[in-house]
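Notes follow the structure.
The values are calculated or read from the model by the stated rules, or taken from the named source; none is laboratory data. Note that the coordinates shown come from a computational prediction; the quantities given were computed from them, not determined experimentally. Cβ: placed from backbone, ideal geometry, glycine included. Neighbour counts: every protein chain shown. Keep in mind that these areas ignore ligands, DNA and RNA; they rest on the heavy atoms of the full protein, side chains included. Shrake-Rupley method; radii C 1.70, N 1.55, O 1.52, S 1.80 Å.
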Amino acid sequence: MEKTAQDIIVRPIITEKSMEGLAERKYTFEVAKNANKIEVKKACETLFGVKVAKVNTISVKGKKKRMGRSEGYTSDWKKAVVTLTEDSKTIEFFDGMM
């Protein structure tokens with residue numbers, strides 16, 4: 001079964017650290033755990049109509065959490081930092097947040 005661009009890019013990540021990267025044309029997304037860099041690049045280019053220079057991916061381990069006396073772990077997930085080329089347009093979703 002082929003993955004669509006919406007299956008690969010789960011959601012944008014909006015934190016102070018990820019907002020600092022916007023000046024350098026770096027955008028941060030949560031992506032599917034089994035997605036590779038090539039799939040993330042194609043998904044960004046089709047969803048947002050931009051040109052991607054490079055993609056860095058990070059596998060994030062789940063943290064230990066407690067609810068009363070029971071404890072467990074949050075889910076593991078994957079993060080991708082997408083760097084756009086100089087001649088590419090920006091992603092409109094992030095424009096109002098700078």
(Q) Being assigned to a helix (DSSP H, G or I) and either at pLDDT 95 or above or polar (S, T, N, Q) (or both) is true for just one of S75, S18. Which residue is that? (A) S18
Q. Can you tell me how many residues in segment 37-46 are under 16 Å from S59 (Cα atoms) and open to solvent by less than 50 Å² (accessible area, probe 1.4 Å)?
A. 1
Q) If you go through segment 21-38 one residue at a time, how many are assigned to a helix (DSSP H, G or I), over 12 Å from the mean Cα position of the chain (by Cα) and either of a type in the set (D, E, K, R) or more than 15 Å from L84 (Cα to Cα) (or both)? A) 1
Q: Being open to solvent by 60 Å² or more (accessible area, probe 1.4 Å), in contact (Cβ under 8 Å) with a residue 24 or more places away in the chain and within 20 Å of S88 (Cβ to Cβ) is the filter here, so list the residues in segment 1-36 that pass it.
A: A23, E24, K26
Q) Of all residues in segment 73-98, which are within 16 Å of I58 (Cβ to Cβ) and within 13 Å of the chain's Cα centre (by Cα)? A) W77, K78, K79, A80, V81, V82, T83
Q.
Suppose we filter V55, V50, V82 for residues that are touching a Cys at 6+ places or on another chain (Cβ under 9 Å), crowded, with 16+ Cβ neighbours inside 10 Å and in a loop (DSSP other than H, G, I, E, B); which single one remains?
A. V50
